[in-house]
Amino acid sequence: MLVPSWIDNPDEIPDPLGRGERAVQWLRMLKHPKNPAPGHPFELDAWQENVVRRIYGPRNEDGSRVVRRVVLLLPRGNRKTSLSAAITLLHVMGPESEPGGLVVSAASAHEQALELYNEAAMIIRFDRRLEKHLSVREYQSRISCKKRQTRYIAVASDGKVQHGKTPNVVIADELHAWEGRAGLRQWEALDSALVKVPGTLMIVASTSGRGQENLAWQTVEYAIKVQKGEIDDPATLPVIFMAEPEDDWTDEALWHAVNPGLAHGYPDLPAFRDKARKAEHSPFERDSFLQFNLNRWLDQTTSPFVEMHVYDQGAHDVDPEEMEMVQEPCYLGVDLSKNEDLTVVVACWPDGEDGYQVVPYFFCPEDNLRARGEAHGVDYVSWAEDGYIIPTPGNTVDLRAVEEHIRELCARFNVREIAFDPTYGRAMMADLVDDGLPAVEFRQGWVTMAPAVKELERAILGGRFKHAGHPVLRWNFGNIQLHVDAAGNRSFHKGKSGNKIDGAVACAMAVARCAAAEDHFTSSADWFTDELWTT
């Protein structure tokens, strides 16, 4: 599990100018209508106090704040919205306010954006001291302080992009829910604006999400590395409470560790136990409990082919040059697209007695490469720049370039078979066969895909599938939805999301042909029919 090491040790938090203590004392003077205690004080528990001290206490030699970015990752029910609202007021009217300053909070949609805004507005309306100085304009989702000339506005990530604004503080709420091109552009606009003036602050306040090829995971992954000490970045403050895959999710000690509010009565422990009991009998409830109540970052799909942390164990180096030198038998799986997006060729070699190592080659039309990736919530441009995608000229995949690449692979490696689904591959297969290259049919139906899926799963779970951590291939595997027929046979499906699984399909094809040739199946005769050899 991940928990900040300093969260229970305020003595470890430097505060040379007393700015952390000053912020805490000001927040303690606030009131909150939902607190039944006498006087309705704003509840700032010890762990929350330490978060505030850790943001505002540490200072550079010139007195400026060390922390410029905060990643606050908490399970649901730990009152991160209340804490974010209090921090907002700290910058609008409190001791951290700057004349003319602007605070912007952004969420995935207008309704979500109003959550933080309404919390701040409720605190103001309940306190006459604040109402004297702060103007709340609901129709604009805006709060302003005339005396300090400060403003706070709430916006949606899918709304008007906030170019031209000069915020001092940005609070990105539930970043895991920011989707598509609109969310990415809003983030870029707000994040880039924070360099305009000194002393700015970005706070990402979120619960864990799903999948790793998205803005939220990239932000959280970096913060995790800072929290673990793998990256030295004093300007980034990770406040991450997260269960990890190896943790026992039924252990109440884990619940308390990653839910700092449980010790203070929130979330509700009896309700927590009730949800955990349901999770024992329902995969859907278990995923919900893991993601939202234990803050574990989950795979993209709700019915994963394999858990992605298990898949990641195969991220060992695969050296194509070595394979070229030793001329180990090679099997290619080809998944041709309808020309408008990804096409993939996967090269597979046997690894030991019952393992495999693969290298994928992805192709995508060069025109509108960025838009194509953004449509799926990923960055095709960066992948292309890093060599993980091969762009082809035009707005459709150039199948001539794909065929030429296959011929180059056959020239380099000891290619024994090139497996195609004939649906889109007949013409290319015919050309290759005419030149004496070993193209074979591999129909993507139950008869052939079910045993291929089973063999691929066996290799991954057994730690015998090496893939070098190829990011596009990982994304494809993370998108898989499994379909199961009445006989229990399984096949891959992209599900409602429409995200790409081509690389995983081509892997299953290449592994199956490699397995059959290397006699890895216990009884390949049950499924290996003559049609596979049709040329």
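To the nearest 10 degrees, how steep is helix 446-461 against the longest Cα principal axis of the chain, on a 0 to 90 scale?
Computed tilt is about 60 degrees.
For segment 10-240, what proportion of DSSP beta bridges, expressed in % and rounded to the nearest 5, is antiparallel?
Bridges in segment 10-240 are about 30 percent antiparallel.
Where does the charge balance sit around residue 293 when Lys and Arg score +1, Asp and Glu -1, over other residues with C-beta under 10 Å from its C-beta?
The answer is +3.
Considering only 235, 216, 200, whose Cα is most displaced toward the positive end of the charge dipole of segment 200-241, charges sitting on Cβ of Lys, Arg (+1) and Asp, Glu (-1)?
It is 216, whose Cα lies furthest towards the positive end.
With the radius of gyration and the Kirkwood radius both derived from the Cα set of segment 35-192, what is their ratio Rg to Rh?
Dividing the radius of gyration by the Kirkwood radius yields 0.95.
Which net charge results for the neighbourhood of residue 377, defined as the other residues with beta-carbon distances under 10 angstrom from its beta-carbon, given Lys and Arg at +1 and Asp and Glu at -1?
With Lys, Arg at +1 and Asp, Glu at -1, the net is -3.
Rank-order 314-322, 386-394 by packing density, defined as the average count of other C-beta atoms within 10 Å over each peptide's residues, highest first.
The densest-packed peptide leads the list: 386-394, 314-322.
From the alpha carbon gyration tensor of segment 227-289, can you work out the equivalent ellipsoid semi-axes (sqrt of 5 times each eigenvalue) and give them in Å, largest to smallest?
They are 27, 15, 9 Å, listed from largest to smallest.
Take every DSSP beta bridge whose two residues both sit in segment 310-533, then give the antiparallel share in percent to the nearest 5.
In segment 310-533, approximately 55 percent of DSSP beta bridges are antiparallel ones.
At a 10 Å Cβ-Cβ cut-off, how would you order 455, 374, 385, fewest neighbours first?
Sorted ascending by nearby Cβ count, the order is 385, 374, 455.
Quick one: what are the phi-derived ³J(HN,Hα) couplings along segment 375-386, Karplus 6.51/-1.76/1.60 with θ = phi - 60°, whole Hz, x for glycine and proline?
Values per residue, Gly and Pro as x: 4, 10, x, 10, 10, 4, 4, 5, 5, 5, 5, 8 Hz.
Work out from phi, with θ = phi - 60° and the Karplus expression 6.51 cos²θ - 1.76 cosθ + 1.60, the ³J(HN,Hα) of each residue of segment 331-338, listed in order in whole Hz, and give x for Gly and Pro.
Whole-Hz 3J(HN,Hα) from phi for segment 331-338: 10, 9, x, 10, 10, 7, 8, 7.
Loop-only GluC sites (Glu not before Pro) in segment 160-210, please: DSSP not H, G, I, E or B, and at most 12 other Cβ atoms within 10 Å.
none
Quick one: what Rg and Dmax do you get for the chain from the alpha carbons, in Å?
27.2, 88
Between 0 and 90 degrees, rounded to the nearest ten: what's the tilt of helix 422-434 against the longest Cα principal axis of the chain?
Computed tilt is about 50 degrees.
If you wrap a convex hull around the C-alpha atoms of segment 310-533 and split its volume per residue, what is the figure in Å³?
121
Helix 269-279: angle to the longest alpha-carbon principal axis of the chain, degrees 0 to 90, nearest 10?
Between helix and principal axis, roughly 10 degrees.
What number, rounded to the nearest 500 deg cm²/dmol, is the helix-based mean residue ellipticity at 222 nm of the chain, given -39500 (n - 2.57) per DSSP H run of at least four residues and division by all its residues?
-11000 deg cm²/dmol
Two decimals is fine: what's Rg over Rh for segment 1-124, C-alpha atoms, Kirkwood radius as Rh?
Radius of gyration over Kirkwood radius for segment 1-124 works out to 0.95.
Looking at the chain, what % of its DSSP beta bridges pair antiparallel, to the nearest 5?
If I count the DSSP bridges inside the chain, around 40 percent turn out antiparallel.
Most exposed first by the Cβ proxy, i.e. fewest other Cβ within 10 Å, how do 88, 166, 200 rank?
With the fewest neighbours first, 88, 166, 200 line up as 166, 200, 88.
We did not get these values from a lab; they are worked out from the coordinates using the rules stated. Quick caveat, the model's predicted, so the values are computed rather than measured. Virtual Cβ from ideal backbone geometry, glycine too; neighbours counted across all protein chains shown.
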